[in-house]
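Here it is, the structure in full.
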Amino acid sequence: MSTGAVRLVERYVYELYNDEQIDLVDEICGDPMTRHGAGSIRALSRREQRERIVADLAAHQPKFTVVTLVGDETFASLTWNAERLTTGERLCGIEIFKVHDGVITDVWNPDYLEGSWS
């Protein structure tokens, strides 16, 4: 059985992104949801998070596969592979998610890399 953070990240990847269920942002993403990058922090409202995802889906049509996903009730670590269907480009990434009160509140990730985790 999946833990709280792992289950939310599964929904984020499979339902929100792969199935394009954009309204799921209101259910599983915090308001704000803070994105942490190398040297940057950006707090996004649900509206901004929805706009970010809609733009990504329209431009790239990414389809994700999970390589590893582990965690507990508060944190989940995700490694993924993705293909941008618009270009055929293959990317991989790693992200750490934090969950509080049943929603994703924080995500840490570096820039994505070309290629795939094996």
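Read-outs throughout are calculated quantities, based only on the coordinates presented, and are distinct from any laboratory measurement. These numbers come from a predicted model, not from an experiment. Reconstructed Cβ throughout: ideal geometry from the backbone, glycine too, with neighbour counts over all protein chains shown.
Can you compute the modelled spin-label distance between E48 and N109, with each label point 7 Å from Cα toward Cβ, in nm?
It works out to 1.7 nm between the two label points.
Let me spell out the model: positive unit charges on the Cβ of Lys and Arg, negative unit charges on the Cβ of Asp and Glu, origin at the Cα centre of the chain. What dipole size does that give, in debye rounded to 20? Numbers along the way, then the final one.
Values: 12 positive and 20 negative charges, 43 e Å.
In total the dipole reaches around 200 debye.
If I model a spin label as a point 7 Å beyond the Cα along the Cα-Cβ vector, how far apart are those points for V70 and D26 in nm?
Taking the two extended label points, one gets 3.7 nm.
Continuing with the same structure: When the helices in the chain are scored as -39500 (n - 2.57) per DSSP H run of 4 or longer and the sum is shared across all residues, what 222 nm value do you end up with, to the nearest 500 deg cm²/dmol?
Working: 3 runs with 26 residues, N = 118.
Mean residue ellipticity at 222 nm (helix-derived): -6000 deg cm²/dmol.
Chymotrypsin sites (Phe, Trp or Tyr not before Pro) within the stretch 43-114: which are DSSP loop residues with at most 15 other Cβ atoms inside 10 Å? Display every interim value, and only then the final one.
Values: sites: F64, F75, W80, F97, W108, Y112; in loops: Y112.
Hits after loop and neighbour filter: Y112.
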